[in-house]
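Here the structure comes first, spelled out in structure tokens, and everything after it is commentary.
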Amino acid sequence: MHTHRTRIVITSSRDPSIRTRNFLNILAFLLPDSVKITRGKKSKIEIFKRAINLGAIYLLFVLAKNGNPLRIVVYDLESFSIKYLFKLRGLSLPSDYNIPLRQIKGHNTICIELNGCNFLRDFLVDMNIYNLSDNCEVVVNSKLISNNICELLFTLSTKNIKFLKMILEV
């Protein structure tokens with residue numbers, strides 16, 4: 001039996017809201033070779049140790065404020081440093097579009113159709129979203145809004161349904 005390597009561990013701040021948990025679930029689906037772990041009462045050090053034990057390369061923290069995801073912090077577990085830090089705004093989740101998560105989960109091939117944001121290129125590749133094939137079930141488009149602000153839009157290509165939108169600022 002072949003087991004996929006866990007490249008990315010996804011977690012949140014303590015006691016996440018439903019909206020933050022929904023965002024974590026979407027990220028865990030979208031990011032190949034990722035696993036979501038519930039933080040609970042674990043300290044950051046315990047989360048780092050667990051991610052390392054799983055053999056992950058990156059630890060992705062979603063930080064929230066007033067129940068809404070606010071920042072994405074990606075730690076490089078080889079150098080123990082922050083690799084990416086994004087301010088998150090304009091987040092629209094599948095639940096905002098009345099799309100159940102089960103409608104999205106069957107679609108596994110994620111491709112970048114348009115990347116208008118150079119500063120996101122390395123992040124998308126590190127997160128294992130770099131497929132450029134013609135057989136895409138989920139399409140990712142990024143649009144530059146200003147020098148350091150970019151909009152990411154995820155669409156089910158088979159049904160042309162937009163299911164996730166976020167604006168990332170470095």
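Entry remark, the range 122-162: residues being under 22 Å from Lys87 (Cα atoms), among the acidic types (Asp, Glu) and exposed (fewer than 15 other Cβ atoms within 10 Å of the Cβ) number 1 in total. Lys87 meets each of the listed conditions (1) loosely packed, with under 15 Cβ neighbours inside 10 Å; (2) of a type outside the set (Asp, Glu); (3) modelled with pLDDT of 95 or more; (4) more than 15 Å from the chain's Cα centre (by Cα) apart from (4).
If you go through the range 34-60 one residue at a time, how many are under 17 Å from Phe123 (Cα atoms) and in contact with a Ser or Thr (Cβ under 6 Å, 6 or more places away or on another chain)? Number of matching residues: 1. Quick one: how many residues across the range 138-170 are in a loop (DSSP other than H, G, I, E, B) and out of contact with any strand residue (DSSP E or B) (no Cβ under 7 Å at 6 or more places or on another chain)? Qualifying residue count for the region: 4.
The condition of being out of contact with any Cys (no Cβ under 7 Å at 6 or more places or on another chain), loosely packed, with under 15 Cβ neighbours inside 10 Å, among the charged types (D, E, K, R) and touching a residue at least 40 places away in the same chain (Cβ under 8 Å) holds for only one of Lys105, Lys49, that being Lys105.
The values are calculated or read from the model by the stated rules, or taken from the named source; none is laboratory data. Everything numeric in this text was worked out from a predicted model, so none of it was measured. Every residue, glycine as well, gets a Cβ built from its backbone with ideal geometry; the counts of neighbours run over all protein chains shown.
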